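Data first, discussion second: the structure below is written as structure tokens.
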């Protein structure tokens, strides 16, 4: 298909440009390579000449326009694309009668209507010198999580700064994030130079400000380029308006910047699926994330330590003599081994380490705060484990890079935290192997992705602390007690009757010769939890501690009753999982707020209505009622004797 270098769309863009600029467009040496489809293009890539880069920076700095102009200037557009672009520019564009290049990248309807980037948009193109995958990432602070997604696989970051605005907070945040995910080459594209009359002093000031800030970020190179994405200055050909600039054009830089691939020696294959189409074939399918493997080499299952030799490397296009990073393969082995989805295969002579506690830098991506003690699900490669933030060591101020104290993680916060897992997982540091050092945290209740994290190192105590085998077991204690250990978890509003029911139930069980103990909210806050307040973070920690204590007492063979409001489902679910489904009974004392407020045995509701208690559950702090409690109790309609008899019968 012929390129549209002389149609009406290009004429609009060329209006007002010099004859020299027109000549540059006609004589450019960046000859494009054509492909019939995205699948065909991707299939023909070779890793060493492919550059992945992102555009990032603050909102309205011109990221989408820059990519669109690159595609235009390097002659990557077909006639039908140009016709569509003309029509879209008239309907959605922001450039009057001229072409709006941003529309080549902004594909969502909301993006076109608002003139902003929301999601990550990927485009691919090629010149005679290199092939490219570019990710256009959003500039708005609320979409920072999408920027991290685009940056996680990039080799180079093109960080834009509006020449009129200079280096902004979001510019600094994106610079820090690109450093965090391991990008070592940055282009500072000082855009919209045409709006400051291509002033050299303006460019120099922005360059100096950014380089001073970025000194501590560990970039191997920072290349500042004055550009006008809208007008095409220094995009593909050197601009006559910036005679004072002697560095590369943007495309010239992208074609020549060296790309270093990390950790190409250690073979790593996360098992995605055990492929068993019939009784005669069994293979382990997944995508190689690092290194290479050949038939005859020995592989190891990280979790079990079992080893076997590779018999075949099977793909849709036939067997391979060698598989390398990026290849989707199925390995067949010469020996049957026990491996399944979630296991990690490596070369036998380069095993991975495992950990259940580590330090990580975490980017919080959700409106709900991240709290110490709250339980999440962690996904690392294809491994899942329960995860808890045990310590927030500090939050990083993106403007100054200073370390600040923090008790919780807010939206877009970047913090260094300690994380504890429910089981050991195979890992590496993010700096060494991103595929096994980068993870996400998922809310267990809403299933939303709330954070992305990068492991910096395993905590030494994870290897040094081991569970001590005890001679007397819980079963031994239960035989001595004459009954099994159990946790009865009462939850409900203040004044609902939790403590009263627990007290009456304990009396009846005690008379029957059962060994019991009550953990009451007010009593615990006078000792074990006297350092905690009533903020959301403190309440999460309050319940975490109680769950741990209740588990220990249950392990001693006691029937433990806990009487706490415990307002959040996440923490009640955490307690259930920690203690064990078969040993945990959730009792919801479902008393309406108006009844609790009429009882008001401690006068708390009256004080809350006066504004004296800022975090009173049911008044100005939420209570998340259980959706499927083990036992439902209604004190306003049931007799106490009947309630206690019913509960005792369930034991």
Which numbered condition in (1) over 25 Å from residue 175 (Cα atoms); (2) at pLDDT 80 or above is the only one that residue 51 fails? (1)
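Check every one of the helices (runs of 4 or more DSSP H) wholly within the stretch 567-651 and list those with 3 or more residues that are over 25 Å from residue 532 (Cβ atoms) and in contact with a strand residue (DSSP E or B) (Cβ under 8 Å, 6 or more places away or on another chain).
On the way: elements: 569-579, 593-599, 604-609, 640-650.
The helices (runs of 4 or more DSSP H) meeting that bar are 640-650.
In the stretch 340-360, how many residues are under 18 Å from residue 266 (Cβ atoms) and either at pLDDT 90 or above or touching a strand residue (DSSP E or B) at 6+ places or on another chain (Cβ under 7 Å) (or both)? Walk me through it before giving the result.
Step one: filter the stretch 340-360 for residues under 18 Å from residue 266 (Cβ atoms), giving 343-355.
If we keep only those that are either at pLDDT 90 or above or touching a strand residue (DSSP E or B) at 6+ places or on another chain (Cβ under 7 Å) (or both) too, we end up with 343-348, 351-355.
Result for the stretch 340-360: 11.
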Could you please find all residues in the stretch 534-543 being surrounded by fewer than 23 Cβ atoms within 10 Å (Cβ to Cβ) and without any contact (Cβ under 8 Å) to a residue 24 or more places away in the chain? 538
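Of the residues 561, 574, which is over 16 Å from residue 490 (Cβ atoms) and buried (at least 20 other Cβ atoms within 10 Å of the Cβ)?
Details: 561 fails: over 16 Å from residue 490 (Cβ atoms).
Every option except 574 fails the conditions.
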Would you be able to say whether some residue in the stretch 518-529 is part of a helix (DSSP H, G or I) and over 23 Å from residue 644 (Cα atoms)? yes
Return the residue satisfying two criteria in turn: it lies in the stretch 477-502 and is in a helix (DSSP H, G or I) and under 45 Å from the mean Cα position of the chain (by Cα), and of such residues it is farthest from residue 640 (Cα to Cα). 477
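Give the number of residues within the stretch 221-236 that are modelled with pLDDT of 90 or more and over 35 Å from the mean Cα position of the chain (by Cα).
Within the stretch 221-236, the first condition is being modelled with pLDDT of 90 or more, and the residues that meet it are 221-228, 233-235.
With the extra rule that they be over 35 Å from the mean Cα position of the chain (by Cα), the set shrinks to 233-234.
Count: 2.
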All but one of (1) touching a strand residue (DSSP E or B) at 6+ places or on another chain (Cβ under 7 Å); (2) in contact (Cβ under 8 Å) with a residue 40 or more places away in the chain hold for residue 546, so report the exception by its number. (2)
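Kindly evaluate residue 603 against the criterion of being assigned by TED's automatic domain parsing to the domain that holds residue 624, over 15 Å from residue 492 (Cβ atoms), free of Cβ contacts under 8 Å to residues at least 12 places away in the same chain and in contact with a helix residue (DSSP H, G or I) (Cβ under 9 Å, 6 or more places away or on another chain). Spell out how you get there, then give the answer.
Working: assigned by TED's automatic domain parsing to the domain that holds residue 624: yes; over 15 Å from residue 492 (Cβ atoms): yes; free of Cβ contacts under 8 Å to residues at least 12 places away in the same chain: yes; in contact with a helix residue (DSSP H, G or I) (Cβ under 9 Å, 6 or more places away or on another chain): no.
Against the criterion (assigned by TED's automatic domain parsing to the domain that holds residue 624, over 15 Å from residue 492 (Cβ atoms), free of Cβ contacts under 8 Å to residues at least 12 places away in the same chain and in contact with a helix residue (DSSP H, G or I) (Cβ under 9 Å, 6 or more places away or on another chain)), residue 603 does not qualify.
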Among the numbered criteria (1) within 24 Å of residue 123 (Cβ to Cβ); (2) in contact with a strand residue (DSSP E or B) (Cβ under 8 Å, 6 or more places away or on another chain), which single criterion is violated by residue 232? (2)
Any residue in the stretch 177-196 that is on the phi > 0 side of the Ramachandran plot sitting within a Cβ distance under 8 Å of a residue that is surrounded by fewer than 22 Cβ atoms within 10 Å (Cβ to Cβ) and part of a helix (DSSP H, G or I)? List the pairs, counting only those 6 or more apart or interchain. 182/434
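Okay, residues lined up against (1) within 24 Å of residue 150 (Cβ to Cβ); (2) surrounded by fewer than 18 Cβ atoms within 10 Å (Cβ to Cβ); (3) at pLDDT below 90; (4) not assigned by TED's automatic domain parsing to the domain that holds residue 363:
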| site | (1), (2), (3), (4) |
| --- | --- |
| 403 | no, yes, no, no |
| 417 | yes, no, no, no |
| 428 | yes, no, no, no |
| 431 | yes, yes, yes, no |
| 458 | no, no, no, no |
| 486 | no, no, no, yes |
| 509 | no, no, no, yes |
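The values are calculated or read from the model by the stated rules, or taken from the named source; none is laboratory data. Since the structure is predicted, the reported quantities are computational estimates derived from the model, not experimental observations. Ideal geometry is used to build each Cβ from the backbone, glycine not excepted, and the neighbour counts take in all protein chains shown.
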